[in-house]
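This report refers to the structure that appears directly beneath it.
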Amino acid sequence: MGRITLTNVDRDFGKLRVLHGIDLDIGDGELVVLVGPSGCGKSTLLRLIAGLDKPSRGTIAIDGKDVTQVSAAQRGLAMVFQSYALYPHMTVRQNLAFGLENQRMPKAEIEARIAEAARMLEIAPYLDRRPGQLSGGQKQRVAIGRAVVRNPTAFLLDEPLSNLDAELRISTRAEIAALHQRLGTTMVYVTHDQIEAMTLADRIVVMRAGRIEQVGPPLEVYNAPANLFVAGFIGSPRMNLLPVKIRSASVREVAVEGPGGFTARIAVNGSGLKAGEEATLGIRPHDFRMSDGGEGDLSGQVNLVEALGPETVVHATIAGDRRLIVVLGAQAGGAVGKAMHFRPDPQRLHLFDAAGQRVPSA
Amino acid sequence: MSSIVTFLSRRRDGRSWHWTDIVTWVWLVGGLIIMFGPAVWLVGSSFKTPGQLAEFPPTILPYVSQKAMVEGYDKPLTLYRVMQPDGSTKVMAEVRRVGIVAQMVDPEAPGEIVKVNISERRPVRQIGFATENYVEPLKKNDFLLYLRNSVFVTLTATLITLFTNSMAAFALSKYRFRGRDLVMVLIIGTLMVPLSVVLVPLYSVVSAVGLFDSLWGVILPTVATPTGVFLLRQYMLTIPDELLDAARMDHASEWQIYWRIILPLSAPALAVLAIFSVVWRWNDFLWPLVVLSRKELYTLQVGLNTYAGQLNVQWHFILAMTVVTMIPVVLVFVFLQRYITSGIAGSGLK
């Protein structure tokens with residue numbers, strides 16, 4: 001069992017508060033990814049869960065037991081560090097055995113567990129090497145192996161892929177997903193890479209400046225970002241955010257007017273908006289298609305065309321000197337300096353009120 | 001041989017002599033003579049007899065006068081090369097000397113005594129080692145006992161130094177607590193207090209706790225060294241905190257973190273401190289001299305001092321025993337020096 005519950009957790013460093021009232025419930029066997037820009041407190045939160053640091057206020061419970069004041073060793077969790085933190089003076093085998101020896105586990109069982117982990121992670125050939133003689137990917141496996149042999153109630157992973165090169169990162173990512181499938185153990189994974197977050201997570205926790213901005217399954221976070229920050233952070237290229245004015249608003253529908261005579265109607269599910277208010281309209285680059293310049297379309301001058309093969313990324317400048325990024329299917333063409341017209345998919349518009357909160361769509 | 005010449009005449013561009021080549025050469029050779037000359041002289045002179053030590057000009061190598069058995073005399077006689085009136089030289093043996101005139105005898109014709117002015121003769125000498133300089137103090141004068149005391153003091157003090165200083169350095173580098181920096185500054189501050197300033201109070205303390213005239217009285221006041229704490233702390237700061245966190249997740253107690261993670265990873269710094277500590281404790285003179293009064297507790301350095309009396313100084317013994325005291329320090333350096341360069345920390349981290 002590995003259910004982790006955080007209730008109203010604060011963390012202060014002197015006068016600086018880095019975590020504000022974190023409430024989070026991580027279910028047994030779930031893979032939760034904490035994602036956010038650097039300095040948002042995600043690593044601090046992970047250290048609090050690990051027990052390497054204590055919250056200033058609030059409680060942390062594992063399987064319903066309050067462990068706020070329990071030491072890291074007694075929580076039964078295992079952690080994989082960004083720098084791997086392998087003990088450089090010990091062989092791989094000793095690295096794996098260290099935690100088990102400290103628990104005074106019988107030698108035979110230690111051997112069995114190491115053999116099992118080595119087989120699973122394919123590190124058996126270098127059990128007698130020192131970390132200094134391993135490549136980055138091998139070190140990474142050993143670091144994961146050190147967590148696996150502990151048979152923990154939950155794994156905590158702190159940016160485990162950030163020191164690997166791009167290719168290795170993709171394969172290791174898949175291995176972590178497979179490992180999670182196989183072990184079925186709770187995992188809390190910290191990253192600033194949204195692709196890792198999207199591909200691995202059962203649920204994503206988006207954080208900013210010590211606060212949780214949104215919690216939800218990856219596609220839900222992508223399709224219905226709770227606020228402007230999440231909208232801008234999740235998705236690549238970034239969502240286009242256009243300042244708009246509310247022309248009319250009813251309970252079911254809001255009509256907005258944007259720069260350069262752009263207009264749109266958004267189906268909403270109840271909104272407190274009034275005509276004349278300022279708001280922000282979010283449109284993902286993938287949700288545009290080319291048009292021939294009809295009423296209410298977005299028109300812009302093309303600055304840059306990136307033909308990637310499967311898709312084409314067009315950077316354009318629209319009225320009010322705003323930048324617009326549009327991703328068009330396949331090899332759509334388009335030339336620098338030319339004027340182009342785009343029409344967004346009306347079903348996939350995101351409206352945010354003046355405070356930056358999402359207006360629930362229908 | 002030619003490779004030595006090539007080595008010694010190596011130049012900047014390999015062809016011509018630039019003035020910096022000459023300056024470098026003179027500087028290095030001069031440095032070699034200044035640094036190494038005294039050591040060579042010391043080792044050479046430690047094998048000289050008292051008479052030869054008093055000679056001027058001094059020699060590097062030890063010589064002894066050649067002696068020979070001459071028929072009709074019980075003891076071997078010293079040989080001299082005597083200038084003959086015809087300008088040739090002849091080897092003769094001295095029977096006795098009266099003032100500036102020596103009575104000498106030709107070993108070939110031992111019956112006839114010849115009187116020779118001492119300015120007309122030179123002793124016949126060969127390189128020879130007065131090993132009694134070593135044998136006598138070690139056998140008769142308790143120097144083996146002093147050696148044992150010195151070894152005990154040095155080893156014990158070094159072990160305690162490494163142990164206590166590394167624990168202090170661990171706390172000061174890896175734990176955050178109120179007043180940590182103040183403690184560090186205080187420890188560094190004690191570097192500025194020389195022994196002579198604290199000698200009297202230290203003596204009172206040692207005397208009050210009953211350690212006077214005991215080897216522990218020599219050891220204990222010296223084990224906490226600010227240099228050691230500082231050196232180890234600076235090194236331990238380079239050990240990543242994540243390793244400690246990893247160990248904490250691995251159920252390691254703080255003691256295990258210190259003993260199994262921090263100490264092995266600090267090995268290069270510990271080796272440096274061990275070298276320092278061995279050299280310091282081995283060469284300590286003033287403090288042992290103050291604390292120790294019974295002769296059987298003397299360390300080597302204090303023991304050496306017994307050869308310098310008020311009326312005469314037995315230089316031959318001092319020189320020989322100085323060589324003996326130098327040997328362990330040189331050995332320690334030779335064996336532990338390699339350790340300094342090979343840092344093993346950090347290799348497990350990217």
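Only the coordinates and a few stated rules stand behind these numbers; no lab work does. Nothing here was measured: the structure is a model prediction, and the numbers come from that model. Here the Cβ is made from the backbone with ideal geometry for all residues, glycine too, and neighbour counts use every protein chain on show.
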Top positive-direction residue, dipole computed over the protein assembly as shown with Cβ charges, set B:72, A:280, A:168: B:72
In degrees, nearest ten, helix A:166-183 long axis to first principal axis of chain A (Cα): 70
Hits among aspartates and glutamates - C-alpha to C-alpha of residue B:139 under 17 Å, sequence gap 8 or more where chains match: B:296
Where the Cα pairs of the protein assembly as shown fall when distances are cut into 10 Å bins, in %: 2, 10, 13, 14, 13, 12, 10, 7, 6, 5, 3, 2, 1, 1, 0
Charged-residue dipole, Cβ positions (Lys, Arg, Asp, Glu), the protein assembly as shown about Cα centre, Debye nearest 20: 900
Note, ³J(HN,Hα) from phi for the stretch A:241-256, Karplus 6.51, -1.76, 1.60, rounded to Hz, x at Gly and Pro: 10, 10, x, 9, 10, 6, 8, 8, 9, 10, 5, 9, 8, 10, 10, 10
Distance histogram for the stretch B:134-341 (every C-alpha pair counted, 5 angstrom bins, percent rounded to whole numbers): 1, 7, 13, 15, 16, 14, 12, 9, 6, 4, 2, 1, 0, 0
Positive dipole terminus of the stretch B:63-127, leading residue within B:123, B:103, B:85 (C-beta point charges): B:123
Cα-based reach from residue B:140 at 25 Å (exclusive), listing lysines while leaving out same-chain residues under 8 positions away: B:48, B:295
Evaluated over chain B, the Cα radius of gyration and Dmax, each in Å: 29.6, 98
At least 20 Å along the helix axis (C-alpha) and Kyte average at least 1.6, DSSP helices within chain B: B:315-341
Ranked list, fewest to most other Cβ atoms within 10 Å of each Cβ, for A:65, A:245, B:48, A:15: A:15, A:65, A:245, B:48
Shape category assigned to the stretch A:261-304 from the gyration tensor of Cα positions, a/c cut at 1.5: prolate
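To make sure I understand, if each residue's beta carbon is the centre and we count other beta carbons within 10 Å, what order do A:54, A:139, B:115 fall in, fewest to most?
Final ranking by Cβ density, sparse to dense: B:115, A:54, A:139.
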Dimensions (Å) - the stretch A:4-233, Cα atoms, principal axes, largest first: 51, 40, 31
Projected-area mean, the stretch A:218-258, by convex hull of Cα positions, square nanometres: 3.6
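Placing unit charges on C-beta atoms (Lys and Arg positive, Asp and Glu negative, everything else neutral), compute the dipole magnitude of the stretch A:103-185 about its Cα centre in debye, rounded to 20. Present the calculation step by step, with values, prior to reporting the outcome.
Numbers: 13 positive and 10 negative charges, 52 e Å.
The dipole of the stretch A:103-185 has a size of about 260 debye.
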Rg to Rh quotient for the stretch A:190-231, alpha carbon positions, Kirkwood Rh: 0.91
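Per DSSP H run of n ≥ 4, the term is -39500 (n - 2.57); total these for chain B, divide by its residue number, and report the mean residue ellipticity at 222 nm rounded to 500 deg cm²/dmol.
-16500 deg cm²/dmol
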Inter-probe distance in nm under a simple model that places probes 7 Å from Cα toward Cβ, at residue B:21 and residue A:330: 7.5
DSSP-defined antiparallel bridges as percent of all bridges, the protein assembly as shown, nearest 5: 85
Partner chain coverage, peptide B:239-246 - average Cβ within 10 angstrom: 6
Choice from B:269, B:171, B:320 with maximal GNM fluctuation in chain B (Cα, 10 Å cutoff): B:171
Cα long-axis angle, helix A:107-121 against chain A (0 to 90 degrees, to the nearest 10): 30
Residues of type lysines that residue A:107 reaches as a straight line, Cα spacing below 25 Å, ignoring anything fewer than 8 places off in the same chain: A:139
Debye-sum result for the stretch A:240-352 in log10 I(q)/I(0), which assumes one identical scatterer on each alpha carbon, at q = 0.21 Å⁻¹: -1.08
Cβ-based exposure ranking for A:100, A:156, in which fewest neighbours within 10 Å come first: A:100, A:156
Cα gyration tensor shape for the stretch B:63-127, rounded if a/c is under 1.5, else prolate or oblate: rounded
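With N set to the residue count of the stretch B:139-199, report its C-alpha Rg divided by 2.2 N^0.38 Å to two decimal places.
My calculation over the Cα atoms of the stretch B:139-199 gives 1.68.
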Longest exposed-site-free window of chain B, the sites being GluC sites (Glu not before Pro) in a DSSP loop that have at most 16 other C-beta atoms within 10 Å: B:109-350
Residue (of A:55, B:16, B:149) at the positive-pole extreme of the protein assembly as shown, dipole from beta-carbon charges: B:149
Expected 222 nm ellipticity per residue - DSSP helices of 4 or more, -39500 (n - 2.57), all of chain A, to 500: -7000 deg cm²/dmol
Equivalent ellipsoid semi-axes, the stretch B:54-167, via Cα gyration tensor eigenvalues times 5, rooted, Å: 51, 16, 11
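Evaluate the charge dipole of the stretch B:63-127 about its Cα centre and quote only its size in Debye, nearest 20, assuming +1 on the Cβ of each Lys and Arg and -1 on the Cβ of each Asp and Glu.
360
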Cα gyration tensor shape for the stretch B:2-45, rounded if a/c is under 1.5, else prolate or oblate: oblate
